[in-house]
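Inspection log for the structure reproduced underneath, given as structure tokens.
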Amino acid sequence: MMRRQTVILAGFLGLLALGPVFLPEFYVTLLNYIGLYAIVALGLVLLTGVGGLTSFGQAAFVGLGAYTTAYLTTASDLPSWLAIFGASPWLALLVGLALTAVVALVLGALTLHLSGHYLPLGTIAWGISLYFLFGNIEQLGGHTGITGIPSLSVFGLEVKFGREFYYLIWALLMLAVWLTQNLLDSREGRAISALKGGSLMAEAMGVDTARSKTVIFLIAALFACLSGWLYAHLQRFVNPTPFGLHIGIEYLFMAVLGGAAHVWGALLGAGVITILKQWLQDLLPKLFGSSGNFEMIVFGLMMVLMLQRARDGLWPILVRLVASNDGNAQVAAVPQAEPMPKKPLPQPGTRLLEVKDVVKKFGGLVASNNMNLWVQTGEVLALIGPNGAGKSTMFNCISGVAPATSGEILFLGERVEKLNSREIARRGMSRTFQHVRLLPNMSVLENVAIGAHLRGSKGVVAALLHLERAEERRLMAEAARQIERVGLKEHMFDQAGSLALGQQRILEIARALAADPCLLLLDEPAAGLRYLEKQALAELLRRLRAEGMGILLVEHDVEFVMGLADRVVVMEFGEKIAEGLPEDVRQNPAVLEAYLGGVA
């Protein structure tokens, strides 16, 4: 399949290169606009399709790029320090990118913490604001716009007409595609992918989700700015009309139609919408006998149909067609690299975790009341109790997911009850979840690699330029070792969502182990496992204990717990009612009445 994809890509690039040679002027112009729109839609692939952040305001960032270069290259009364940047459109591009970055960071700080429908409403608000700003500033020509924008020059050659612009537009688009693919195929890309439906899990694995949101918001804005800069010098004229909210919606529709989670879907969506719009603008007025934006009616119906029948867009459909005709699919190789450095485990007998008088309240409900427990190296401590006893709440307090209302939590002697889950994970604590939290469309290998996020250090720029390949190989090899360690090697390249529930729980353990923890928090890991799978899990946990790792275990399977745990703590109604060796707890009258007797 890889060979077929390479041939198709080479053919596509060859046709692109020959386009201006054989195509009439009209089609070259159409391809120019497809390229411009695709650059913006590519940013929305990162922002909306991969990151799950819906934005209707990208047209405003296109306007920032267009108006910045238009103003700098045409104004005659610029201050001397600014006139330098107006001497060349390429210098004006740098100013446009810098201005867009500042505006994006400010707007991101105001809106990216919003969730649900509030975020899209926020993007609509600032999209409309910037649109009217362009039209109401006299220096920007008001609603009349700015004319006389100069042409571009590339290596001394003037780029003035559509056929010459064609190569510049598509070269920059291919560069943006390459950068985006590089980013997504990296440690930073997995963190971005985790934003959509996996933020809580990602934070627990050490991912700074707020930073990842800002990164993709900024990149999408910079792509839009680049498109606006190209548009201004192609048209040699700008006014506010192309940067309104309705165009922002159109950009979003391009990304969704092509395949919002797929890089090449941006090009496909931009091509389909641009060509269809041109065709409908010619056809529909003839059918209805009057002029109007009838194509928007068709686009609205298309959007409804797409959301019902093909939510992933057109690109995955094309990929399936190619894959179905390829009988020589290659089997991916297991990643190999030298092991990553491991933190030394604390000395035997060291208390890893101490919980002192922890209280957790939700309004007037007390979920945990004066809870006390401790875990040391080389020990399995089981936390049991009936449903609603507060066990998972206790887990969330310890791991920083839901900070305690009062009390102390010490990890390796340091108080951590005020720290967030990301900072606690950085110190050597890792966890699984009661309700499995995976990225179902990513492979098992990629899911586990998210657990190793904190063990890498290369940033976004290195990922964009693919300068982190050595570190990436080591991270993926580490993920592969943990997958083999838990017995899921044969499923390494399967989609995580295709696994049975029990296997998904084992996958979560592998992901937690990839973080190189000294304390492992397991929330009902045996739920959904068959007998032999439980035996294999118990053997794995015994090996981890023998290596010196501390394990805090919440589990409903009493027999599984009693055969594995060194000590047991029992909770009921948020309070500890018993603690001790498994055989002692099993015979405790309070435990028999509250929990074990009910099971029997």
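Mind counting the residues in the range 76-101 that are surrounded by 14 or more Cβ atoms within 10 Å (Cβ to Cβ) and either touching a Cys at 6+ places or on another chain (Cβ under 9 Å) or over 19 Å from Cys225 (Cβ atoms) (or both)? So the answer is 7. Note on the range 417-437: residues that are aliphatic (A, V, I, L, M) and surrounded by fewer than 23 Cβ atoms within 10 Å (Cβ to Cβ) amount to 2.
Screening Leu383 on (1) assigned to a strand (DSSP E or B); (2) under 13 Å from Gly574 (Cβ atoms); (3) out of contact with any helix residue (DSSP H, G or I) (no Cβ under 7 Å at 6 or more places or on another chain) shows it passes everything except condition (3). Scanning the range 144-180 for residues that are closer than 30 Å to Pro440 by Cβ and out of contact with any Gly (no Cβ under 9 Å at 6 or more places or on another chain) turns up Val177, Trp178, Leu179.
When Gly313 is tested against (1) outside any helix (DSSP H, G or I); (2) surrounded by fewer than 19 Cβ atoms within 10 Å (Cβ to Cβ); (3) modelled with pLDDT of 90 or more; (4) under 26 Å from the mean Cα position of the chain (by Cα), exactly one condition is not met: (2).
Looking at Glu575, Glu524, just one residue is in contact with a strand residue (DSSP E or B) (Cβ under 8 Å, 6 or more places away or on another chain), surrounded by fewer than 19 Cβ atoms within 10 Å (Cβ to Cβ) and in the same structural domain as Leu383 (by TED's automatic domain parsing), and that residue is Glu575. Where residues in the range 266-309 are assigned to a loop (DSSP other than H, G, I, E, B) and not aromatic (Phe, Trp, Tyr), which of them is nearest to Tyr251 (Cα to Cα)? In this case the residue turns out to be Asn293.
Every residue, every condition in (1) in contact (Cβ under 8 Å) with a residue 40 or more places away in the chain; (2) under 21 Å from Leu222 (Cβ atoms), yes or no:
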site	(1), (2)
Gly145	yes, no
Gly148	yes, no
Val154	no, yes
Ile169	yes, yes
Thr180	yes, yes
Arg190	yes, no
Leu195	yes, yes
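Please enumerate the residues belonging to the range 65-89 that are assigned to a helix (DSSP H, G or I) and free of Cβ contacts under 8 Å to residues at least 60 places away in the same chain. Hits for the range 65-89 are Leu72, Ser80, Trp81, Leu82, Ala83, Ile84, Phe85, Gly86. Taking the range 125-218 as the region of interest, the helices (runs of 4 or more DSSP H) fully inside it that hold 3 or more residues being modelled with pLDDT of 95 or more and buried (at least 20 other Cβ atoms within 10 Å of the Cβ) are 162-184, 187-193.
Candidates are the residues of the range 20-64 that are in contact (Cβ under 8 Å) with a residue 60 or more places away in the chain and not in a helix (DSSP H, G or I); the one that is surrounded by the most Cβ atoms within 10 Å (Cβ to Cβ) is Ser55. Of the residues examined, Gly52 is one that is assigned by TED's automatic domain parsing to the domain that holds Ala261 and more than 18 Å from Trp170 (Cβ to Cβ). Which ones in the range 489-517 are closer than 17 Å to Glu478 by Cα, more than 20 Å from the chain's Cα centre (by Cα) and not basic (Lys, Arg)? Answer for the range 489-517, where residues must be closer than 17 Å to Glu478 by Cα, more than 20 Å from the chain's Cα centre (by Cα) and not basic (Lys, Arg): Glu490, His491, Met492, Ile506, Ile509, Ala510, Leu513, Asp516, Pro517. Residue count for the range 537-557 satisfying the condition of being out of contact with any strand residue (DSSP E or B) (no Cβ under 7 Å at 6 or more places or on another chain), among the aliphatic types (A, V, I, L, M) and surrounded by fewer than 22 Cβ atoms within 10 Å (Cβ to Cβ): 3. With the condition kept exactly as written, say whether any residue in the range 362-381 is touching a strand residue (DSSP E or B) at 6+ places or on another chain (Cβ under 9 Å), surrounded by fewer than 23 Cβ atoms within 10 Å (Cβ to Cβ), farther than 15 Å from Ile551 by Cα and free of Cβ contacts under 8 Å to residues at least 60 places away in the same chain. Looking for residues that are touching a strand residue (DSSP E or B) at 6+ places or on another chain (Cβ under 9 Å), surrounded by fewer than 23 Cβ atoms within 10 Å (Cβ to Cβ), farther than 15 Å from Ile551 by Cα and free of Cβ contacts under 8 Å to residues at least 60 places away in the same chain, one finds none in the range 362-381, hence no.
Has the range 518-532 got at least one residue that is under 24 Å from the mean Cα position of the chain (by Cα) and without any contact (Cβ under 8 Å) to a residue 60 or more places away in the chain? The answer is no, given that none of the residues of the range 518-532 is under 24 Å from the mean Cα position of the chain (by Cα) and without any contact (Cβ under 8 Å) to a residue 60 or more places away in the chain.
Among the residues making up the range 540-571, those that are of a type in the set (A, V, I, L, M), closer than 12 Å to Ala382 by Cα and not in a helix (DSSP H, G or I) are Ile551, Leu552, Leu553, Val554, Leu564, Ala565, Val568, Val569, Val570, Met571.
The values are calculated or read from the model by the stated rules, or taken from the named source; none is laboratory data. Keep in mind that what you see is a predicted model, and the values were worked out from it rather than measured. Heads up, the Cβs are rebuilt from the backbone with ideal geometry, glycines too, and the neighbour counts pull from every protein chain shown.
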